[in-house]
1. Across 5 Å bins from the origin, how do the percents of Cα pairs in region B:235-319 run, short distances first?
2. Relative contact order for region B:208-264: what is it in percent, counting Cα pairs under 8 Å that are at least 6 residues apart?
3. Among B:298-306, B:240-248, B:147-155, how do they line up by average Cβ neighbours within 10 Å per residue, starting with the highest?
4. Of the trypsin sites (Lys or Arg not before Pro) in region A:1-48, which ones lie in a loop per DSSP and count no more than 13 other C-beta atoms within 10 Å?
5. Under the definition of Cα pairs under 8 Å and six or more residues apart, what whole-number percent is the relative contact order of chain A?
6. Loop-only check: which trypsin sites (Lys or Arg not before Pro) in region B:330-360 are DSSP coil with at most 14 other Cβ within 10 angstrom?
7. Assuming a ≥ b ≥ c are the square roots of the Cα gyration tensor eigenvalues, decide whether region B:258-304 counts as rounded (a/c under 1.5), prolate (otherwise, with a/b larger than b/c) or oblate.
8. Using a 10 angstrom Cβ neighbour count of at most 16 plus a DSSP loop assignment to flag exposed GluC sites (Glu not before Pro), which longest range of chain B is free of such sites?
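Every number in this text was worked out from the coordinates using simple rules, so none of it is lab data. Source: prediction; values computed, not measured. Glycine also receives a Cβ, built like all others from the backbone with ideal geometry; neighbour counts cover every protein chain displayed.
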Amino acid sequence: MNDAANTTRQKVLAALAGVAPELDPNELDPQQNFRDQMDFDSIDFLNFATHLHQAFGVDIPEADYPKLFSLDGCIAYFSKRPG
Amino acid sequence: MPSLGAGMETGTLAQWLVQPGAHIKRGDLIAVVETQKGAIDVESFEAGTLTKFLVEPGTEVPVGTPLAVIDGAGETAGSEVVKPEPVAPIERPHVSPVARRRAQELGVDIEALAARTGGSVNLEDVEKAAGTPHKPAPVAPAGMRQAIAATMARSKREIPHYYLAATLDFSAVLNRLQTMNASLPVPERLVYGVLLVKAVALAAKRFPEFNGYWVDDHFEPSERVNVGVAISLREGGLVAPALHDADGKSLSILMREFLDLVNRVRAGHMRSSEIAEPTITVSSMGEQGVDSVYPIIYSPQVAIVGFGSIVEQPWVVSGKVVATRTITATLAADHRVSDGHRGALFLAYLRQLLEKPEAL
């Protein structure tokens, strides 16, 4: 993993920890949906998107939300749109 | 010690949030009380100067026990009264309800721990401090489960429920949400639950026999519409605090209050008026993939509206079958107060509001 991807990953994990402090990043399946893994509801996701929006400094259209449902999805999305 | 919900007999004063000498306004947060439902921030019913604590932190007392003396402005006003020193607000540690409870069990000083961790304390911090290994288990604390069991058993025993369900076209709500959210920054976007709350509030205002309390063998309708929202806690359990006066608030204000409420509740900062004052409740299952929910009324309320998950299904519009996103609303109401005919009118109005959501 290159430096840029690693930074992106750290920012996404920090945003996740802001919503689910009990999360152990080592137990996270990077491909699986957050909702199924961590019982995210709509407010959790809104908080998560807000943390991402602040960490990367980019607007995230609501239509893009489905791309942010997993760790790998987030990394792919923000690698293309670096903040 | 205020009564924070039906069935509460005692509460433990966990922490004072003010110091003697503080000027208190009605509604100011003055103490944290530990109940079976978790920690609740208690608001003052009185205005004046807090002169004396009557209960020390850590003490369990029956509901109705005075916690402190607050002198009203009239009583202490006089030429000899010394103006009390302005009191610096106490920094509030951010402690999850389960962490607070566990700290009590393990004898960990939560304030000292919060000072070390920089203000935020979770279950793991508490167990580390106590030297106990962390066992991840998403099971509600025993007290919370008991409180839910007691409330629900009483409701099932005492309230003659009847249920009515209606599946409705939800696409107009979702389209409206999409349009509104397209021009809003991420933190201000709306979730559809807020439109459900507003619609139920307006229906409750129009049909007063679903909005209020059953007390002393009669129904007391409420002028205000305070919609309780069922919120699941990350570490297990359920609470249903109120969004006050939801019928008269805009969607953006309701959204801000809803977000604030959920985040505070999950951080262990629910307020006493929120837990004590809902007049009707909404329970939405979100994206859990259930078609419908048959909720139990929170005594002493007389109605609750449940919403299943959004389901895309064949739907007939003007004689043609189209794929449409739908949601099923279920009204559970108290037969001592209303009957199925009025319940059907309530649901029909709810359908009208949600299928033409411009009025919300």
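1. 3, 11, 17, 21, 21, 13, 6, 4, 2, 1, 0
2. 23 percent
3. B:298-306, B:240-248, B:147-155
4. Listed in order of number, the matching sites amount to none.
5. So the answer I get is 41 percent.
6. Answer by residue number: B:Arg336.
7. Oblate.
8. Values: sites that count: B:Glu9, B:Glu46, B:Glu80, B:Glu91, B:Glu223, B:Glu287.
Between the exposed loop sites, the longest stretch runs B:92-222.
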